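Comments concern the structure below.
The values are calculated or read from the model by the stated rules, or taken from the named source; none is laboratory data. Computed from a predicted model, the values in this text were never measured in an experiment. Cβ placement follows ideal geometry from the backbone for every residue including glycine, while neighbour counts extend to all protein chains displayed.
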Amino acid sequence: MFRNERNQGKESGMAARLSLAEVREYIASRFAEPISIHELAQLTGLSPNYFGDAFKKAYGQSVMDYVTELRIGRAKQLLRDSDLYMHEVARKVGYTDEFYFSRKFKKAVGVSPSAYSKETRRRVAVTSTAGTGNLLALGIVPVAAPLDPKWSPFYHYYYQDRIPIHLSSPETELDEESLRKLSLAKPDLLILHHEYDQAIRSQLETAGIKCVEIKATKWREQLREMAAMVDRQSDCEQWLQAYEESAGQARQSVREAVGNDVFVTLRISGEDIYLYSNRGIRDMLYQDLALATIPEQKKLCNEVISLEQLSHINPDRLLVLICPDARTRKFWLSLQYHMQWRSLEAVKNSKLYVIPSNPWFEYSALAIIRMMEEATLMLTGKNPASSLVPVHGVT
């Protein structure tokens, strides 16, 4: 206990001098025990008032607000994942009075503990734009997601007012600002699309946020896996059935327009041309729409290709992704005047299509259907979208 440890320190003549970060970790490991500002301040060698002010300045909340956040977070976990009685939950998180615990919980979460434990709708957050695309396909708007006009323009334009908390991009790491925002969002479930350091996961789970990681690698299975996490399996299967019907119609429409024309997808970056096929391009163009292509495009590829090699393939149609940096743009402008480029069948016959990174770099259910609609529009001149939302999003 705190008092015993303090007395033992005095008796041994060793005055503990912990940093604020160490005290914060100390609180996180003992939040269910009785805690006072006076005892914590002694661990740092500061006066209670100075310690309290320094802690709030460093972390944006008072010591006791932090303790309450930890206790309520743990209570949410217990209410979700155990069959404990309410008084047992209260005691396990540091409250001896069940009714006081209930008042604190309702103030923090918005509903009583008993209502929370029965509630089936969860507040869900995601750490990737792919997670956002899959969640929206299931009819759920996340409470927190990466949202940026550059990295996720479609979601930023259409959902910036509906997704309360905008996490930073790119998405490979959760920085301190994103962790702080997630704590504010108070999601019950955080769906991860990347592996994260165990310390980060522990920090999130200590705040009552259940972290689950998507294991599937293909978008249909990712969607099903996510649906199971949020109890939307029926919605998922209905969405997939509707997609397969749309894909079948698009495949027929595109085949009538392009026949057996051979397609090649390129990515231009810097002063290099790449034979390129990511997961979305492979799955949608060369599987679901069944466009004719070379063997390399039916699998993932990102290999430099010379103009001579491209001339040897000489595809009937080209789809080109152009990186937006100045060096690439300059190369792309000069490439269009190169005689070998201009002699390609696709270029001569005006069957070259420049496609944007959004949605063609994203791999989710919503991105796949947007790519399908965009490809159908490019190749047939007809927009298959059932809504008035532009298939290109915002660029």
Open item on the list: Please determine whether any residue of region 293-303 is surrounded by fewer than 15 Cβ atoms within 10 Å (Cβ to Cβ), in the same structural domain as VAL254 (by TED's automatic domain parsing) and part of a helix (DSSP H, G or I).
Closed with: yes
Open item on the list: Based on this model, can you work out whether GLY131 counts as surrounded by fewer than 16 Cβ atoms within 10 Å (Cβ to Cβ), touching a residue at least 12 places away in the same chain (Cβ under 8 Å) and either among the basic types (Lys, Arg) or out of contact with any Cys (no Cβ under 7 Å at 6 or more places or on another chain) (or both)?
Closed with: no
- [ ] State whether one or more residues within region 306-327 are out of contact with any Pro (no Cβ under 8 Å at 6 or more places or on another chain), part of a helix (DSSP H, G or I), within 11 Å of ILE268 (Cβ to Cβ) and not aromatic (Phe, Trp, Tyr).
- [x] yes
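Of ALA199, ALA207, ALA185, which residue is surrounded by fewer than 16 Cβ atoms within 10 Å (Cβ to Cβ), within 28 Å of ASP65 (Cα to Cα) and either touching a residue at least 24 places away in the same chain (Cβ under 8 Å) or not assigned by TED's automatic domain parsing to the domain that holds ALA90 (or both)?
Values: ALA207 fails: surrounded by fewer than 16 Cβ atoms within 10 Å (Cβ to Cβ); ALA185 fails: surrounded by fewer than 16 Cβ atoms within 10 Å (Cβ to Cβ).
Sole residue among the options that is surrounded by fewer than 16 Cβ atoms within 10 Å (Cβ to Cβ), within 28 Å of ASP65 (Cα to Cα) and either touching a residue at least 24 places away in the same chain (Cβ under 8 Å) or not assigned by TED's automatic domain parsing to the domain that holds ALA90 (or both): ALA199.
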Open item on the list: Going by what's in this entry, would TYR50 be described as surrounded by fewer than 13 Cβ atoms within 10 Å (Cβ to Cβ) and more than 35 Å from the chain's Cα centre (by Cα)?
Closed with: yes
Open item on the list: Quick check on region 172-179. Is at least one of its residues crowded, with 18+ Cβ neighbours inside 10 Å and in contact with a Pro (Cβ under 9 Å, 6 or more places away or on another chain)?
Closed with: yes
Open item on the list: Going residue by residue through region 338-348, is there one that turns out to be modelled with pLDDT of 95 or more, in a loop (DSSP other than H, G, I, E, B), surrounded by 12 or more Cβ atoms within 10 Å (Cβ to Cβ) and touching a Lys or Arg at 6+ places or on another chain (Cβ under 6 Å)?
Closed with: no
Open item on the list: Of all residues being among the aromatic types (Phe, Trp, Tyr) and assigned to a helix (DSSP H, G or I) in region 95-134, which is nearest to ILE163 (Cα to Cα)? Just the residue, please.
Closed with: TYR116
Task: Pair list, Cβ < 7 Å and 6+ apart or interchain, from region 97-108 residues that are of a type in the set (Asp, Glu) and modelled with pLDDT under 90 to residues that are part of a helix (DSSP H, G or I) and surrounded by 17 or more Cβ atoms within 10 Å (Cβ to Cβ) - done: none
- [ ] Note down all Cβ pairs under 7 Å where the first residue falls in region 278-305 and is farther than 17 Å from SER253 by Cβ, the second is of a type in the set (A, V, I, L, M) and in a loop (DSSP other than H, G, I, E, B), and they're at least six residues apart or on different chains.
- [x] ASN278/LEU300; ARG279/LEU300; ARG282/LEU300
- [ ] Evaluate region 229-249: report whether one residue or more is surrounded by 16 or more Cβ atoms within 10 Å (Cβ to Cβ) and within 18 Å of the chain's Cα centre (by Cα).
- [x] yes
TODO: Exactly one condition in (1) closer than 17 Å to ARG123 by Cβ; (2) at pLDDT 90 or above; (3) assigned to a helix (DSSP H, G or I) is not met by LEU223; state its number.
DONE: (1)
Task: Qualifying residue in region 283-290 (condition: aliphatic (A, V, I, L, M) and either assigned to a loop (DSSP other than H, G, I, E, B) or not assigned by TED's automatic domain parsing to the domain that holds MET371 (or both)) - done: yes
Task: Selection within region 74-94 - surrounded by 16 or more Cβ atoms within 10 Å (Cβ to Cβ) and outside any helix (DSSP H, G or I) - done: VAL93, GLY94
Task: Residues of region 210-228 that turn out to be of a type in the set (Val, Ile, Thr) and surrounded by fewer than 17 Cβ atoms within 10 Å (Cβ to Cβ), as a count - done: 2
Open item on the list: Restricting to region 290-305, name every residue that is more than 12 Å from GLY270 (Cβ to Cβ) and β-branched (Val, Ile, Thr).
Closed with: THR293, ILE294, ILE305
